[in-house]
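Have a look at the structure below before the remarks.
The values are calculated or read from the model by the stated rules, or taken from the named source; none is laboratory data. If you're wondering where the values come from, they're calculated on a predicted model, not measured in any experiment. Cβ: placed from backbone, ideal geometry, glycine included. Neighbour counts: every protein chain shown.
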Amino acid sequence: MAVRSRRVSQSSNIWPGFVDALSTLLLVLIFLIVVFVLSEFFLGRALSGRDAALAQLSEEVVALQQLLGLEKQANNELRGDFNQLSAQLRSSTTERDALRERVTVLSADKEALRRLLEEAGISASTQDETVKDIQLQLAAAMAMLEAAQANEQDLSLEAAEARRAFAKQRRISTNAQRQVALLNQQIAQLRMQLAAIQNALDIAVADVAERDIQIANLGSRLNIALASKVGELSRYRSEFFGRLREVLAGRSDVSVEGDRFVIQSGVLFDSGSADLGPAGRRQVTDLASLLLDITVEIPEDVDWILRIDGHTDKRPINTPQFQNNWQLSSARAIIVANQLVASGVPPERLAATGFGEFHPLDDQETTEAFRQNRRIELKLTER
């Protein structure tokens, strides 16, 4: 249980800088993905709106083409009616002219017959009857002529009406053709805009793909750099704890456990106290000198800290100064940090933490287990 507890603590504190870098990279990736999704969404909406407008304009073009076809059909029918009326008008005009010629001929025949009758000495009564017959024929011819003239006027009116209808249909057809041309122009413009939007979308997709490649390369380089920095810190940490082993050889109250320097609290503090005794001050001062000698060789770009962890046993405490073991362990860690600062260690390179009784090395309830659990742990790690 104690070994597993140390391993959990180590795994949670070995790579804080690495985890921060990966978190930043993950946030950048999420931001780029959100930007790409939003651009896809708005471009999709723009394209769908353009497609709907294009479909609507196409429907209007089809409707206008159908209307234009109907207008052309009506125009052809009016043209046929106009031609038919023109033919009837020409026929009536020919018939009228023929009737006029006939009236003229009958009038001439009447005069000629009157002269012949007078020369032949036919009686007045016979002459009057003949004249009456001729007059009747002439009246019939005049009636036919008037009917032909009336028919000619009707045909002229119908022809004029047909001309006006034909002109109206021609104007409507011209307007319809103009509208069709305008709609075709608008459709062409919409297609150009859709092509431009599609081109912009392709460029955006290519740009996002290129950025993804750059981010992947950046992540790879970041991993290499972090691994390098961690390797450097591990080397200096190994040197630091190696020299500590040499200095502390033969001492049972102080030990190096893996990547941690463990000092039993009894060496530094009295029971229930957070005040350093003279021996404790000397030991912390020696530790500070050793730390300063090692850290001079650490490059400036390696962001290292010395973490000071205070631990107690599970027996409760409740004094006017400390109400629980958490306060006691935190106070002891802070006192050690202050002594290190007084010995020349930069305060920004220190971190003091109190764990109370919650991370024991030995779970047994024996005097030896309690002694081992009351301790100060020092760990050289990254920020």
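Looking at region 276-288, can you tell me whether even one residue there is assigned by TED's automatic domain parsing to the domain that holds HIS359, under 24 Å from ASP363 (Cα atoms) and either modelled with pLDDT under 80 or among the β-branched types (Val, Ile, Thr) (or both)? Scanning region 276-288 turns up no residue that is assigned by TED's automatic domain parsing to the domain that holds HIS359, under 24 Å from ASP363 (Cα atoms) and either modelled with pLDDT under 80 or among the β-branched types (Val, Ile, Thr) (or both). Among the residues of region 342-369, which ones are hydrophobic (A, V, I, L, M, F, W, C), surrounded by 15 or more Cβ atoms within 10 Å (Cβ to Cβ) and closer than 24 Å to THR285 by Cα? Of everything in region 342-369, those that are hydrophobic (A, V, I, L, M, F, W, C), surrounded by 15 or more Cβ atoms within 10 Å (Cβ to Cβ) and closer than 24 Å to THR285 by Cα turn out to be VAL345, LEU350, ALA351, ALA352, PHE355.
Here ILE317 meets each of (1) aliphatic (A, V, I, L, M); (2) in contact with a helix residue (DSSP H, G or I) (Cβ under 8 Å, 6 or more places away or on another chain); (3) within 15 Å of LEU378 (Cβ to Cβ) with one exception, condition (3). Contact map, region 309-336: first residue without any contact (Cβ under 8 Å) to a residue 40 or more places away in the chain, second residue assigned to a loop (DSSP other than H, G, I, E, B) and of a type in the set (Phe, Trp, Tyr), Cβ cut-off under 6 Å, separation 6 or more or different chains; pairs are SER329/PHE355. The conditions are (1) exposed (fewer than 15 other Cβ atoms within 10 Å of the Cβ); (2) closer than 17 Å to ARG374 by Cα; (3) within 48 Å of the chain's Cα centre (by Cα), and ASN318 fails exactly one of them. Which is it? Failed condition: (3).
With respect to LEU85, is the statement that it is at pLDDT below 80, surrounded by 14 or more Cβ atoms within 10 Å (Cβ to Cβ), farther than 30 Å from ARG383 by Cβ and not charged (D, E, K, R) true? Spelling it out, LEU85 is indeed at pLDDT below 80, surrounded by 14 or more Cβ atoms within 10 Å (Cβ to Cβ), farther than 30 Å from ARG383 by Cβ and not charged (D, E, K, R).
If we scan region 362-383, do we find a residue that is closer than 17 Å to LEU276 by Cα, out of contact with any strand residue (DSSP E or B) (no Cβ under 7 Å at 6 or more places or on another chain) and not in a strand (DSSP E or B)? No, region 362-383 has no match at all.
Going by the structure shown, is THR312 under 18 Å from ARG349 (Cβ atoms) and surrounded by 14 or more Cβ atoms within 10 Å (Cβ to Cβ)?
On the way: under 18 Å from ARG349 (Cβ atoms): no; surrounded by 14 or more Cβ atoms within 10 Å (Cβ to Cβ): yes.
In short, no.
One residue is enough: does region 106-119 have a residue meeting the conditions of a type in the set (A, V, I, L, M), modelled with pLDDT of 75 or more, surrounded by 15 or more Cβ atoms within 10 Å (Cβ to Cβ) and in a helix (DSSP H, G or I)? No, because not a single residue in region 106-119 is of a type in the set (A, V, I, L, M), modelled with pLDDT of 75 or more, surrounded by 15 or more Cβ atoms within 10 Å (Cβ to Cβ) and in a helix (DSSP H, G or I).
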